[in-house]
Amino acid sequence: MTGRVTPLGLALLTVAAWALSLAVLSARPELLIVILPLAVALATLARPRRAPEYALTCELSADRVFEDDGVRVTIAIAARSALPVVVVLGPLPRDVALASGQPRAATSLGPGQTATFSYDVRCPVRGVHDFGTIVVHVRDRWGVRAWEGRHPRARPLRVYPRIAPLRSLPQPRRTQTSVGDYVSRALGAGIEPGDIRQFAPGDAIRQVNWRASLRLGTLYVTQHHREHNADVVLMLDTLAQVGPAHATTLDWGVRAAASLATAYLARKDRVGLINCGGTIDWVRPGSGRVQYERLADTLLRATVVFTYVQKNLAFVPPRVLPSQALVIAITPLLDPRFTRTALDLAARGFDLVVIVVSPVDVVRATLPASALNDLAGRFWALDRRAQLDEFRRHGIPVLEWNPSEPLEGALAGFGRRRFNQQGGPVAGPPIPPDARDAPAEPGSIDQHRGPSHGPPIPPDARGAPAEPGRPSTPLGAAR
Amino acid sequence: MMRVPAAVFALVMGAIPLGVAPIKPVAIGVGVGLVLAAVGIAGLWRWPVLAAACLLLTDYTAALWTARAPVNIGGAVTFGLALLLLLQSVELARGLRGTRVEARLVRSQIAAWSGFATATLGVTLLGLALAGGLAAAIPFAAAPFVAALAALGVVLALTAIVSGRPRV
């Protein structure tokens, strides 16, 4: 701790000197009496005093939360020596809003006494916020001497993007060999009944179809369809963003990516992530809770890094982008480099789906309604429609998502359109009759078992649609 | 909340000169001093409050000098304490701006101020008793020079204390 004489000490000295001068000039003893309290207060500075001693603890009610969740910060100070006036300044990071209470508290403590205070904060912005440094001011009783101590300690709070529950997801065309929720055409171990055939040596007794066996006079067994998982790679465009602070197209894209990752991981799929921007960052496809943590941590860091350097997916190792994977590109389509990258992926045969976060709607939500703004918005929307048509001409499914509407609603209609375009069934019998005897293609899918056994979806995210754009500054950083 | 005691102390400092010499020049000085104090207390600025303190002190001197009243120890002690506490309370209010103040801090501060006032009164009475004995020993012609030298010595001593290295 560093100690110093406060400005009050200098003020008292000034007034005392002035009063002494007046006393000598006017020869009135009352002025000497007036000086006495000031002189006594200043004289306390002559007495050496040790720096105050105390112990400080700071606790957060949670160290990982979702956007807009609240956290309670509790600070306790235990005095080892007397602290006549102590002011504790709790941490309040820049992007964290105070919900209730005060991050500054003042009290007076004797040796051995402890004071605790707390305040609530709300975290509207994803990222890692440091609740590290606590500042303590201690003053002596007369306010002429003060000490200040800074207590930095790493105390990060991770704020993850908000997750919207998704039931309808883009279906992958190809699956992998691991067990999952997609019913494959291939026959093997599974619970979805497929075909029946005559009993052969080696078949398990529990597979015998007794009803068919009794009717046909010989043993028949029921075959089942295999259930596989799929590889899904989310490709997030971090080349450019528009929109108000904390509700930019990138923020909405990150929320969509987190929601999709959660939903696919719930289906036992392996999910990977590529942040495609000024710097390329990736997470190898994987499954499970740990993979969700990896993806969420990478999404926390997603930000626009401006660069002229042409980045492409040649930097990405093949195991991050498996050839059988379903690639979901999430982009506002503001930078032509990402368009080229997406077309390149489609040309290389990847199963690509493009989810376009509409920048028109994000920006229009922040602008006042006027004829000029409306006209500009309509021109921009027409221009973007032409841009999306280019993808459609290449046979790439494109979904334009207005962030003021729930992602679930947009995906539901999109899933039906995609399967109808490809001629694949959405529901109903898993295998066409004429395909039952055909050798099963290892990767092809018939249907998905349906939404299921979710990963940890936060209670407040259940049933909560994606939040519409919040008003703030008119335009965020662009490009 | 800390502005209230500061305003009370400023009013006390304004009332004492008017009680000593209720004349127009003193009243004008008090008025200007109180306006300065009000500005300083409202904005929690140090310099208006310090200027107000100096002005009210000058006004008090002028009132004493004009009225040529007998020595009033109670009034002087009250003025001195009000002066100290005005400066202290404004400084404290600055430090506690936007801060949640716990009740025990307020209690301990009131107790400290009360104790200090009592101690100051006792020290003043003791000092006056000692000064009575010393005054007889100093020749009348040399008294102004002794007073000036003593005042200079006190100012230098206090300056040395304040400007010296903090003993922490």
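Every number in this text was worked out from the coordinates using simple rules, so none of it is lab data. These numbers come from a predicted model, not from an experiment. Cβ placement follows ideal geometry from the backbone for every residue including glycine, while neighbour counts extend to all protein chains displayed.
What does the helix-only formula give at 222 nm for chain B: each DSSP H stretch with n ≥ 4 adding -39500 (n - 2.57), the total divided by the residues, and the result rounded to the nearest 500 deg cm²/dmol?
Details: 6 runs with 139 residues, N = 168.
Taken over chain B, the calculation gives -29000 deg cm²/dmol.
Could you give the length gained on full extension between A:Arg319 and A:Arg94, defined as 0.36 nm per residue of separation minus the Cα-Cα distance, in nm?
Gain on extension, A:Arg319 to A:Arg94, equals 77.2 nm.
Between B:Leu11 and A:Arg289, what is the spin-label point distance in nm, taking each point 7 Å from the Cα along the Cα→C-beta axis?
Taking the simple label geometry, B:Leu11 and A:Arg289 are separated by 6.5 nm.
What net charge is computed for the residues neighbouring B:Val71, neighbours being all others with C-beta under 13 Å from the C-beta of B:Val71, Lys and Arg scored +1, Asp and Glu -1? Walk me through the numbers before you get to the answer.
Numbers: positive: A:Arg28, B:Arg68; negative: A:Glu30.
For residues surrounding B:Val71, the net value is +1.
Full-extension gain between A:Arg337 and A:Ala200, please, as 0.36 nm times their residue separation minus the C-alpha to C-alpha distance.
43.6 nm
Return the Rg/Rh ratio of the protein assembly as shown with Cα-based radii and a Kirkwood Rh.
On the way: Rg = 39.5 Å, Rh = 31.4 Å.
Radius of gyration over Kirkwood radius for the protein assembly as shown works out to 1.26.
Between B:Ala148 and B:Ile23, what's the calculated FRET efficiency when r is the beta-carbon distance and R0 is 25 Å? Round to 0.05.
0.30
Exposed loop trypsin sites (Lys or Arg not before Pro) only (DSSP loop, at most 11 other Cβ atoms within 10 Å): please give the longest stretch of chain B free of them, not including the sites.
Answer - B:98-168.
Which of A:Ile163, A:Ile205 comes first, and how do the rest follow, when ranked by fewest Cβ neighbours within 10 Å?
Numbers: A:Ile163 27, A:Ile205 8.
Ascending Cβ contact count within 10 Å gives the list A:Ile205, A:Ile163.
When the helices in chain A are scored as -39500 (n - 2.57) per DSSP H run of 4 or longer and the sum is shared across all residues, what 222 nm value do you end up with, to the nearest 500 deg cm²/dmol?
Working: 9 runs with 129 residues, N = 479.
The helix contribution divided over chain A gives -8500 deg cm²/dmol.
Fewest first, what order do B:Lys24, A:Lys268 take by the number of other Cβ atoms within 10 Å?
On the way: B:Lys24 7, A:Lys268 20.
Ascending Cβ contact count within 10 Å gives the list B:Lys24, A:Lys268.
Could you tally the net charge around B:Leu92, taking each other residue with its Cβ under 11 Å from the Cβ of B:Leu92, Lys/Arg +1 and Asp/Glu -1? Working shown, then result.
Numbers: positive: A:Arg139, A:Arg141, B:Arg3, B:Arg94, B:Arg97; negative: B:Glu91.
Neighbour charge sum, excluding B:Leu92 itself: +4.
Along Cα→Cβ, 7 Å out, is where each label goes; now give me the distance between the ones at A:Leu372 and A:Arg301 in nm to one decimal.
With each label placed 7 Å out from Cα toward Cβ, I get 4.3 nm.
Relative to the first principal axis of the alpha-carbon coordinates of chain B, what is the inclination of helix B:46-67, with its axis defined by its Cα atoms, in degrees from 0 to 90 and to the nearest 10?
30 degrees
For segment A:42-104, which trypsin sites (Lys or Arg not before Pro) pass both filters: DSSP loop (anything but H, G, I, E, B) and at most 16 other C-beta atoms within 10 Å? Don't skip to the answer; put the middle values down first.
On the way: sites: A:Arg49, A:Arg50, A:Arg64, A:Arg72, A:Arg80, A:Arg94, A:Arg104; in loops: A:Arg49, A:Arg50, A:Arg80, A:Arg94.
When the trypsin sites (Lys or Arg not before Pro) of segment A:42-104 are filtered for loop state and at most 16 Cβ neighbours within 10 Å, A:Arg49, A:Arg50, A:Arg80, A:Arg94 remain.
Quick one: work out the % antiparallel among DSSP beta bridges in chain A, nearest 5. Can you show the working numbers first?
Numbers: 64 of 90 bridges.
The antiparallel fraction comes to roughly 70 percent.
Can you sort A:Trp282, B:Trp65 by how many other beta carbons sit within 10 Å, fewest first?
B:Trp65, A:Trp282
In nm, give the distance between the simple-model label positions of A:Ala62 and A:Arg150, each being 7 Å from the Cα along the Cα-to-Cβ direction.
With each label point 7 Å from Cα toward Cβ, the separation is 3.1 nm.
Say R0 is 51 Å: what FRET efficiency, to the nearest 0.05, do A:Arg50 and B:Ala135 get from their beta-carbon distance? If you can, show how the numbers build up before the last one.
Numbers: r = 41 Å, r/R0 = 0.80.
Efficiency, from the Cβ-Cβ distance: 0.80.
What FRET efficiency comes out for A:Trp210 versus A:Thr177 if R0 is 41 angstrom and r is the Cβ-Cβ distance? Round to the nearest 0.05.
Values: r = 32 Å, r/R0 = 0.77.
Here the calculated transfer efficiency is 0.85.
By how many degrees, 0 to 90 and rounded to 10, does the Cα axis of helix B:3-20 deviate from the longest principal axis of chain B?
Once rounded, one gets 30 degrees.
Show me the trypsin sites (Lys or Arg not before Pro) within segment A:318-379 that DSSP assigns to loop and that have at most 10 other Cβ atoms within 10 Å of their Cβ.
Sites meeting the loop and neighbour criteria: A:Arg319.
Nearest 10 degrees, 0 to 90: what angle lies between the long axis of helix A:336-347 and the longest principal axis of chain A (Cα atoms)?
Orientation of helix A:336-347: about 30 degrees from the principal axis.
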